[in-house]
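Take a look at the structure below.
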Amino acid sequence: MDAGDAGDGRRGRRTPMHVVVFPWLAFGHLIPFLELAKRLAARGHAAVTYVSTPRNVSRLAPDVPPELSATLRLVSLPLPRVDGLPDGAESTTDVPKDKVGLLKAAFDGLAAPFAAFLADACAAGAEDDGEEAAGFGRKPDWIVVDFFHHWVPPIADEHKIPCANFLSFSASLLAFHAQKSRAANAADSEHPHTEAEHFMAPSPSASGHLPSDLAYRRHEAKFVAAAYQPDCTGISNAERMKLLLRRCPISFFRSCPEAEGPPCELLTEIYGRRFLPIGLLAPTVRSNGGGGGDRDEAAADLMRWLDAQPERSVLYAALGTEAPVTTDNVRELARGLELSGQRFLWALRVRGTGGDDAAATPPTARDGLLPDGFERRVAGRGVVCAGWVPQLRVLAHPAVGAFLTHCGWGSTVESLQFGHPLVMLPFVGDQGIVAQAMVAKGVGAEVARNYDDASFRGEDVAAAVRRVMVGEEGKVFDRNAKQLRTAALDEERQGHYIDEIVEHLRGYKYGGGD
């Protein structure tokens, strides 16, 4: 029988599947996996078991709507101890960059706990494929994994459960790398190119599917090239993903043709019809609520300040929690915000600060980061928040007119759903490719910088801010951003992508092995 095809003749409806989702330990992955889980559960397709570690589960639990409590459950697996990994570190936001390898090693240690969890889930579920057990009462039909999980398919094969691969990246990024790999393999399959210079050249023969000059800049390419080298776990990120693509009969990615267009078509051309867009999975304001106490009070203060500002007059600035922002970067960004003359709300965060809110910089930490007298000089038109910021609520506020962002795909999607033009300041990973793709769509301006060492000047920040927020060019960016929002965030169309993925999952017949 096909996965999940047991029917309910009394109601003429298919029995919901049981789907296990298991993301990597980074919030750029944890959150879209949770959004996927919520949509599968809310549309009646599946009961979803979301697997992560205890601290991440406690962080995400408030984002599960009460009405989904019967069809979406969060399950904790204890993260194994690894020497050198800070106590309580369970996500990339909890550790400095040089400790991420240790987090990967701990994550790989989840193989045995996950195998035990899956064995228990199968034992508790229906043993006979002909039974009409539903939801959590049945053996898992699918396991949806991230790109780090090369060790999950062999575990799943023991129970004859197929795995799907969910890539929470933009189509532009995936298409760039897919085309690069295809060209390199065609030229010399025994010696794939993995040096930085390889990624600094546009993908060849992309047939108009990608911007002709789309490529990494030198500082970005060095970071990307490192993903092709084995780390302390003995395997590279690229090899993990390669192994998973071989073992997962269905893969899907966080995008859609309405948002990115031709790159989605190129991915289908390269990988075939089982490499599918799943939509943008844009989180709702409700799913970004506060955590009570000090958080609610701080959020209320920010909202009151925004309430007092003119409509679409405020630049919201946030560089995420994992961009490798230096002290010089912070000071030049501060200079740029001051020189721009525009109103702004700046979420100032530093990676790996620990504590209950690992994504926030302690208020005292900004004292040594910001230029002397900066907050005094911008008082009244600028606010620096070194604690937690309810990003979606801020982006949804009518006073916000643009978003200064590092262009992580998650943050970009969040901004797109509100139609904000972008001031783009990418650092590493997918951020540069996303920024270039958004520039090509005319939804904002990128800050000029030195692409060898990634440095930038306050004057260049100010110039980009003014381009986006002032004058005729700013109106064009604003109009284009709103048009992209209308095209990409149609709820009916976004729901259709989820339904289409589910049809592929239901129609698959397990074959096992490679």
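A short reminder: the numbers here are calculations on the coordinates, not readings from a lab. These numbers were taken from a predicted model, which means no experiment stands behind them. Reconstructed Cβ throughout: ideal geometry from the backbone, glycine too, with neighbour counts over all protein chains shown.
Given that compact globular proteins tend to follow 2.2 N^0.38 Å, what is the ratio of the alpha-carbon Rg of the chain to that value? List each step's numbers first, then the result.
On the way: Rg = 22.8 Å, N = 514, 2.2 N^0.38 = 23.6 Å.
The reported ratio for this selection is 0.97.
To check my understanding: the extent here is largest minus smallest coordinate of the Cα atoms along each principal axis. What are those three numbers for the stretch 290-488, in Å, largest first?
Dimensions of the stretch 290-488 along the principal axes of its Cα atoms: 39, 38, 31 Å.
Sorted by packing (mean other beta-carbon atoms within 10 Å per residue), highest first, where do 56-63, 269-276 land? Numbers along the way, then the final one.
Values: 56-63: 17.1, 269-276: 14.9.
Highest to lowest by the protection proxy: 56-63, 269-276.
Suppose every Lys and Arg Cβ carries +1 and every Asp and Glu Cβ carries -1, with no other charges. What dipole size does the chain come out with about its Cα centre, to the nearest 20 debye? Working shown, then result.
Details: 55 positive and 66 negative charges, 169 e Å.
About 820 debye.
Tell me, in nm to one decimal, what length is gained between Arg377 and Ser212 on full extension, where the rule is 0.36 nm per residue of separation less the Cα-Cα distance?
Values: separation 165, 0.36 × 165 = 59.40 nm, distance 4.33 nm.
Here the answer is 55.1 nm.
Measure off 7 Å from each Cα along the Cα-to-Cβ vector at Ser69 and Glu269, then give the distance between these two points in nanometres to one decimal.
5.1 nm
I need the peptides 414-425, 256-267, 165-176, 303-314 ranked by packing, meaning the mean over residues of other C-beta atoms within 10 angstrom, with the highest value on top.
Working: 414-425: 24.5, 256-267: 22.0, 165-176: 26.2, 303-314: 14.4.
By packing density, highest mean first, the sequence is 165-176, 414-425, 256-267, 303-314.
For the charge dipole of the stretch 290-488, defined by +1 on Lys and Arg C-beta atoms and -1 on Asp and Glu C-beta atoms about the Cα centroid, which residue among Leu345, Leu333, Thr486 has the Cα displaced farthest towards the positive pole?
Result: Thr486, furthest along the dipole toward the positive end.
On full extension of the chain, what length is gained from Val285 through Arg493, given 0.36 nm per residue of separation minus the C-alpha to C-alpha distance?
Values: separation 208, 0.36 × 208 = 74.88 nm, distance 1.98 nm.
Result for the pair: 72.9 nm of gain on full extension.
If you take the charge dipole of the stretch 363-514 about its Cα centre, with +1 on Lys and Arg Cβ and -1 on Asp and Glu Cβ, which of Ser455, Gly507, Met469 is farthest toward its positive end?
Result: Met469.
What ranking do 150-157, 477-484 get when scored by the average of other Cβ atoms within 10 Å per residue, highest first?
Numbers: 150-157: 19.9, 477-484: 18.4.
Final packing ranking: 150-157, 477-484.
Among rounded, prolate and oblate, which fits the stretch 417-491 when a ≥ b ≥ c are the square roots of the eigenvalues of its C-alpha gyration tensor, a/c under 1.5 means rounded, and a/b larger than b/c means prolate?
Numbers: a/c = 3.01, a/b = 1.44, b/c = 2.09.
Verdict is oblate for the stretch 417-491.
May I ask you to derive the FRET efficiency for Tyr228 and Tyr451 from their Cβ-Cβ distance with R0 = 22 Å, giving the value to the nearest 0.05? Could you put the intermediate results ahead of the total?
Values: r = 20 Å, r/R0 = 0.92.
The pair Tyr228/Tyr451 has a calculated efficiency of 0.60.
Once both labels are modelled 7 Å past Cα along the beta-carbon direction, what's the Asp83-Ala123 spacing in nm?
The modelled label-to-label distance comes out at 3.4 nm.
So what is the relative contact order of the chain, in percent, for Cα pairs below 8 Å that sit 6 or more residues apart?
Details: 954 pairs, mean separation 81.3, N = 514.
Relative contact order for the chain comes out at 16 percent.
Return a whole-number percent for the relative contact order of the stretch 290-488, with Cα pairs under 8 Å and 6 or more residues apart as the contact set.
Numbers: 348 pairs, mean separation 47.5, N = 199.
RCO, the stretch 290-488: 24 percent.
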